[in-house]
1. For residues that are in contact with a strand residue (DSSP E or B) (Cβ under 6 Å, 6 or more places away or on another chain) and more than 16 Å from the ligand (Cβ to nearest atom), scanning just segment 12-45, find the one that is farthest from residue 169 (Cα to Cα).
2. Only one residue in 85, 76, 93 is surrounded by 15 or more Cβ atoms within 10 Å (Cβ to Cβ) and either assigned by TED's automatic domain parsing to the domain that holds residue 297 or within 14 Å of the ligand (Cβ to nearest atom) (or both), so which one is that?
3. Can you pull out the residues in segment 96-111 that are away from the ligand (no atom under 16 Å from the Cβ) and in contact with a strand residue (DSSP E or B) (Cβ under 7 Å, 6 or more places away or on another chain)?
4. Looking at the structure I just gave you, is residue 166 in contact with a helix residue (DSSP H, G or I) (Cβ under 7 Å, 6 or more places away or on another chain), in a helix (DSSP H, G or I) and modelled with pLDDT of 90 or more?
5. Is it the case that segment 267-277 has a residue that's in a helix (DSSP H, G or I) and touching a helix residue (DSSP H, G or I) at 6+ places or on another chain (Cβ under 9 Å)?
6. Test residue 67 against the criterion of being more than 14 Å from the ligand (Cβ to nearest atom), more than 20 Å from residue 272 (Cβ to Cβ) and in a helix (DSSP H, G or I), and give yes or no.
7. Look through segment 130-146, keep the residues that are within 9 Å of the ligand (Cβ to nearest atom) and in a loop (DSSP other than H, G, I, E, B), and return whichever of them is surrounded by the most Cβ atoms within 10 Å (Cβ to Cβ).
8. Kindly establish whether residue 312 is outside any strand (DSSP E or B) and modelled with pLDDT of 95 or more.
Ligand SMILES: [Mn+2]
């Protein structure tokens with residue numbers, strides 16, 4: 001990784017301003033890696049901004065709570081980013097490599113200098129014409145890469161930022177259980193050494209009783225197919241991708257379940273599936289059949305102009 005870090009530092013130094021952007025419906029891996037990267041840029045005295053709509057009511061509770069803990073970063077969104085960009089602005093994309101998954105895809109019309117750092121399996125429609133494009137799909141979270149870069153540069157991360165980053169790794173590895181590697185623990189150890197606090201982490205991950213019971217209701221309505229696949233359809237008018245992911249995570253903990261699939265209506269005409277696996281079932285290739293992607297153990301898709309029932313039927317055909 002050292003040659004990557006050398007290259008990154010040289011590139012960063014060429015630019016006057018830097019914008020960090022994660023994916024849409026951000027999670028703590030996306031947001032935590034932006035915070036970590038911003039801390040690195042601050043230590044280099046580089047003017048930098050995190051592109052995220054912090055006032056968006058639809059952000060999940062954990063993220064909203066995290067944002068309140070780190071008010072001292074420069075946040076920008078689509079309403080004001082145009083004021084700061086120039087020809088000498090660099091966009092660093094974290095935790096995705098696809099334009100349509102960006103927090104704000106249209107930004108690519110305005111900024112031509114781009115670095116992509118991701119850990120998802122590379123898809124053909126990746127963002128092209130970049131200054132640097134780096135994917136390591138052996139990493140369970142992109143926060144790990146940012147942690148190693150920070151360690152390499154000997155940056156002092158604040159305990160709060162370290163905690164949010166550690167929570168990002170925890171979420172992306174389903175509690176340090178799935179797709180876990182030595183590197184994930186190494187990054188976690190580094191973040192703890194920078195002051196990451198496990199009690200605060202637990203508090204960030206807490207949910208309200210209402211949320212807990214709501215999830216329990218969905219899990220109650222799930223069923224097991226072919227003795228090894230848990231399938232759950234969310235009986236809601238609209239739900240969030242993160243909700244689907246949380247339910248699939250929980251279903252994976254049930255006895256006998258090797259892979260879990262949660263299907264829900266994301267928008268009026270868009271249905272999503274979030275899939276999880278313990279490792280014997282390649283959920284990435286199943287989600288690719290639906291135009292999605294991800295990892296062997298953690299993948300998702302979004303399909304337009306379909307219904308939940310139709311997707312459920314199609315899913316079962318693939319599982320057969
Ligand atoms: Mn991630």
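The values are calculated or read from the model by the stated rules, or taken from the named source; none is laboratory data. Source: prediction; values computed, not measured. Methodologically, a virtual Cβ is constructed for each residue, glycine included, from the backbone with ideal geometry; neighbour enumeration extends over all protein chains shown.
1. Taking segment 12-45 and keeping what is in contact with a strand residue (DSSP E or B) (Cβ under 6 Å, 6 or more places away or on another chain), we get 15, 17-22, 30, 33-34, 37-38, 41.
Among the residues that remain, those that are also more than 16 Å from the ligand (Cβ to nearest atom) are: 15, 17-19, 38, 41.
Numbers: 15: 29, 17: 28, 18: 24, 19: 22, 38: 17, 41: 21 Å.
The selected residue is 15.
2. Checking each option against the conditions leaves just 93.
3. Passing the criteria: 104, 107, 111.
4. Values: in contact with a helix residue (DSSP H, G or I) (Cβ under 7 Å, 6 or more places away or on another chain): yes; in a helix (DSSP H, G or I): yes; modelled with pLDDT of 90 or more: yes.
Criteria met by residue 166.
5. Taking segment 267-277 first, the residues in a helix (DSSP H, G or I) are none.
Checking segment 267-277: not a single residue is in a helix (DSSP H, G or I) and touching a helix residue (DSSP H, G or I) at 6+ places or on another chain (Cβ under 9 Å).
6. The answer is yes for residue 67.
7. Among those that are within 9 Å of the ligand (Cβ to nearest atom) and in a loop (DSSP other than H, G, I, E, B), it is 141.
8. Spelling it out, residue 312 is indeed outside any strand (DSSP E or B) and modelled with pLDDT of 95 or more.
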